[in-house]
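FYI, it's all coordinate maths here, none of it is from the lab. All values reported here derive from a predicted model rather than from experimental measurement. Positions of Cβ are generated from backbone atoms using ideal geometry, with glycine treated the same way; all protein chains shown enter the neighbour counts.
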Amino acid sequence: MQNTSLQLNQLGQLKHFLDVEGLSKELLTEILDTADSFISVGKQQVKKVPLLRGTTVVNLFFEASTRTRTTFELAAKRLSADVINMNISTSATSKGESLMDMLRNLEAMDADMFVVRHENSGAPHFIAEYVTPNVAVVNAGDGRHAHPTQAMLDMATIRRHKGDFENLSVAIVGDIMHSRVARSQIHALKILGAKEIRLISPETLLPPFIENLGATVYHDMRDGVADVDVVIMLRLQKERMQSALLPSEQEFFNLYGLTETKLKLAKSDAIIMHPGPINRGVEIQSEVADCDRSVILNQVNYGIAVRMAIMSMAMAGQNQSSLSSISDKGGEK
Ligand code: CP
């Protein structure tokens, strides 16, 4: 599902943000640099800049979320946009209205951006293909496929704590099979030039041919975390498992849970990350989640600045597209 042409306007600027795969290092770096410039907005007394004033952003979350939905809302508000959080369970979709009819009605209300989380892989791409020109679509996580804004906030966290990617070994641990976050992280780390990406997981939680993305697979966590700079833990995505893939959670924790003992094998200044929600005692020992090398809550905080960057860049790309289309037609009649 590579959608570079759908995501970029004629000038190569972002106009939708659906997937990290296929984007350039320059564009990902521009997102990170723009996000860095927004970090200070959250420290101001008045946490606002006027970049999206007059813009209407609609959050469409068809799946549960704490971090992503809230930080998208905060990001839009810090950009001075008007934000609508659709309550899907009380919307007219519960009366049988189709997704496309719902979108057409929101477009009729002059929405400028849809932020979409959906349990079906590809839903945000489908919406981006059919949405009215000049409306931006941002993927807030689709099925097992992609979670590109999460990957970008993870890259922002790594860059802020560890500097350039070229010298970094990064381990991603746990349920890779069902993780849209892991897929997007692998693409982002490859594009940004990470030295080494290690995937640590039992065979039953690895998708086939994952090594083809340019990562090395480990089944023994002690070997996998040895001397890494970054350890990213993943949640067991039980809601996406169709059969029992593990003997027990205790067994999983014994083999793949991040404990103080296993963490000692990583570099002494290695950082610990997790996209959340965390399950203490399942994939991570509680003391490790809360220790001073854990940057899990920093990830959440950087998520606001990264989403501000992506939303403002996509809206600018959409506006540029509409200007180009007016000039192609010889000016507005
Ligand atoms: N990391 C993440 O996507 O968390 P939420 O499901 O709470 O949004």
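Going by Cα centres, the stretch 29-57 and the stretch 256-273 are how many Å apart?
33
With bins 20 Å wide starting at 0, give me the P(r) of the chain over every alpha carbon pair, in whole percents.
With 20 Å bins starting at 0, P(r) equals 32, 56, 12, 0.
Arranged from highest to lowest average of other beta-carbon atoms within 10 Å per residue, in what order do the peptides 116-123, 17-24, 261-268 appear?
17-24, 116-123, 261-268
Can you compute 3J(HN,Hα) from phi for each residue in the stretch 168-177, using the Karplus curve 6.51 cos²θ - 1.76 cosθ + 1.60 with θ = phi - 60°, rounded to whole Hz and x for Gly and Pro?
Listing the rounded values in order: 9, 9, 10, 9, 10, 10, x, 7, 6, 3 Hz.
Apply the Karplus parameterisation 6.51 cos²θ - 1.76 cosθ + 1.60, with θ equal to phi minus 60°, to every residue of the stretch 195-206 and state each ³J(HN,Hα) to the nearest whole Hz, in sequence, with x for glycine and proline.
With the stated coefficients, the stretch 195-206 comes to 5, 8, 10, 10, 10, 10, 6, x, 3, 6, 10, 10 Hz.
Skipping prolines and chain starts, which residues have an amide H placed within reach, meaning under 5 Å, of the one on S294, given they are 5 or more residues away or on another chain?
I272
Can you compute the helix-only [θ] at 222 nm over the chain? Use -39500 (n - 2.57) per DSSP H run of at least 4 residues, normalise by all residues, nearest 500 deg cm²/dmol.
-12000 deg cm²/dmol
Choose one answer from Y218, Y256, Y302: the residue with the largest mean-square fluctuation in a GNM of the chain with alpha-carbon springs under 10 Å.
So, out of Y218, Y256, Y302, the one fluctuating most is Y218.
Which pairs, out of K25/K267; K15/K48; K15/K47; K43/K264, put more than 31 Å between their alpha-carbon atoms?
Values: K25/K267 27 Å; K15/K48 23 Å; K15/K47 25 Å; K43/K264 34 Å.
Beyond 31 Å: K43/K264.
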